[in-house]
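Derivation of every value follows stated rules applied to the coordinates shown; laboratory data play no part. A quick note: this is a predicted structure, and the numbers were derived from the prediction, not measured. Ideal geometry is used to build each Cβ from the backbone, glycine not excepted, and the neighbour counts take in all protein chains shown.
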Amino acid sequence: MNLVDQVKEKTAAAIKNLYSLAVPTNDIIATATKPEFTGDYTIVLFALTKRLGKAPEALGQELGRELTESHKAFFTAFNVIKGFLNLTIADNVALSTLNEPADFTEVEGSRIPQKVMVEYSSPNTNKPLHLGHLRNNFLGWSISAILKAEGHDVMKTCIVNDRGVHISKSMLAWQRFAGGATPESTGMKGDHFVGDYYVKFNDAFKQEVNDLVEKGMPKEQAEKEAPFLLQAQQMLVDWEQEKPEVRNLWKTMNAWVYAGFDETYKRIGTDFDKTYYESETYLLGRSFVAEGLKKGVFFKKEDGSVWVDLTAEGLDEKLVLRKDGTSVYITQDLGLAHQKYEAFGYDQSIYVIADEQNYHMKVLKLILKKLSMPYADGIHHLSYGMVELPSGRMKSREGTVVDADELIEEMVRVAAQKTTESGKVKDFSPTELTELYDIIALGALKFFLLRVDPKKKMIFNPEESIDFHGFTGPFIQYTHARIKSILRKDTASTPDASESPTALFRLEKELLLLLDQYLSVVRQAAQDHNPSLIAIYSFTVAKLYNSFYTEHSVINAESTEKKQLRLRMSAHTAEVIKNSMQLLGIRVPEKM
RNA sequence: GGCCUCGUAGUUCAAGGGAUAGAAUAGAAGUUUCCUAAACUUUAGAUACAGGUUCGAGUCCUGUCGAGGCUACCA
């Protein structure tokens, strides 16, 4: 058990001894003491004063005395300032936390393991992945890693949007403009190749609309009746009727896209245990409509369309089946949720989807609840904010979308340039260099996108993201590499945690107490599905280490004991950095 | 119009109702005989506005102003 929890528990026990009142451990507010006050942990007393009918000052004194007397080996001192009781932890207690390296796979007291399904990425097969997908992928992958570290049984899934009129558009444009060209013949990456034809469709479509408008047709009508669009709609009908030539083209072009996606996923380190295809699931959910009608949750209008009334929940009426009997988005999702449950029997199903779909996800969960589905409560929407550029929101129509592959290439280029400038990699082989640049570039990108609270929208500044100073991935990677270098050079005196030094430095203890809180931070991150906590925390650890190192190396020379201490600190910090970066999907190099 | 987010240093982000609102970056001034200077130290700078709730509010409630999203028989 980590120190904060021990402090809380001891405080609860002390209150029981003194006042015969049982206070739940969770109701005790204990935080790290602010640096400007003496002590390590602080109990906030105001919350307790009402229950106990005592003044804060008196309560603090009594509680402090009781704690220091009954746990002499644990607490060495206390002081009360206003309504705050500051407690000092014994040095050797703090030191003992150093002897237990942070191992996230063995989190003591973690909750009961659950089966958790995480759905993320959700690409369309008519366009390559962009910056928004990157935030989605990193979040989905990272929370999966955190949940796994917590001991849960996690299944990573992806739903590919592989059908619909937008797919037909790129197919049609390929037929008209490609002249038989393929990714192989042009040497292009498949997803970019197909994406280009989607753009070509829109260009041609716009041209047609313009022509029609010039001939005197109103713009609105022209946008509905442009021949190219009508052809695309017809192609979707043909696809649904499974016409062989359409299906074959569809298969071929999707295969090109998948090859491209696979390359990108591999590059960014994202993977899935199971992939669902919308072409295989879009007919699901119709059985829900029948069941909903039977249960009286849905109702049918005169035209034959089926609806669910959510006005009592403060929402609108929502369509679940069109009058022509075909299903809509929400119906498909109902079916998919059910299919996932039948396949995996999840306790929780997490959907990593942008916050523009908050309403949709709310409706989905609500309908499943109304239908009394046992898995409805386990559905959780990890809603993340959109990634915007300094110039505003990315818009594909205006060509301001940041392409994922291009961005990664640019990051690699800058990483290479900065690393070369530093002149520290002269003994690296070309293969090692390529790998190093990849590690740095992706580390920078992942850290930049994960360090922000997921639910908030964020601004992606290309220049700032490739800055290797400050609150960035490369800073942490560099710290790790430096530590490793220090440890390599000092193999003679292997760090030995059992040899306690007689004196602890202020900064060392600070770092130790910080490390102690690590497991609870990870636990909280898992609970909140929030990797940003880990990013922030690992930066703090690296920063404190650097500061510690700079200060104490100066006074180090005369004492082998201090050297021993420093080495142990280094080894432990490196371990913590490595572990936390793993949870974010960021690799740390031994040298850089 | 209705519903939902969000407004914190010049900028990008923090702060489970708790102490004097933290970092990073940009600005100013410093630090290499011991450590990989991609580092470290010092310094200046912010809760949109107006009320309310209480021992205590950036955080909760109400209103105003501002930004974004949703409100498709598209997915």
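Descriptive notes on the structure:
- Check: chain A dipole with +1 on Lys, Arg Cβ and -1 on Asp, Glu Cβ, in debye: 780
- Projected over all directions and averaged, the alpha-carbon convex hull of chain A occupies 35.1 nm².
- Between helix A:3-19 and chain A: long-axis angle, C-alpha atoms, 0 to 90°, nearest 10: 60
- Least to most buried among A:ASP516, A:ASP91 (fewest other Cβ within 10 Å first): A:ASP91, A:ASP516
- On Cα atoms only, tilt of A:518-528 relative to the major axis of chain A in degrees: 30
- Take every DSSP beta bridge whose two residues both sit in chain A; close to 50 percent of them are antiparallel.
- Sparse packing (at most 15 other Cβ atoms within 10 Å of the Cβ) combined with a DSSP loop state is found for the following chymotrypsin sites (Phe, Trp or Tyr not before Pro) in the range A:1-65: A:PHE37.
- Each of A:SER305, A:GLN207, A:ILE28 was scored by the projection of its Cα onto the charge dipole of chain A, and the greatest displacement toward the positive side belongs to A:ILE28; charges sit on the C-beta of Lys, Arg, Asp and Glu.
- Exposure proxy ranking, count of Cβ atoms within 10 Å, fewest first, for A:TRP174, A:TRP256: A:TRP256, A:TRP174
- The distance separating the Cα centre of the range A:133-202 from that of the range A:1-71 comes to 55 Å.
- Taking other Cβ atoms within 10 Å as a rough exposure proxy, A:HIS338, A:HIS469 sort from fewest to most as A:HIS469, A:HIS338.
- Ranked by the mean number of other Cβ atoms within 10 Å of their residues, highest first, the peptides A:137-146, A:432-441 come out as A:137-146, A:432-441.
- The range A:149-220, dipole about Cα centre (Lys/Arg Cβ +1, Asp/Glu Cβ -1), debye to the nearest 20: 220
- Added length on full extension, which subtracts the Cα-Cα distance from 0.36 nm per residue, A:LYS219 to A:TYR359: 47.3 nm
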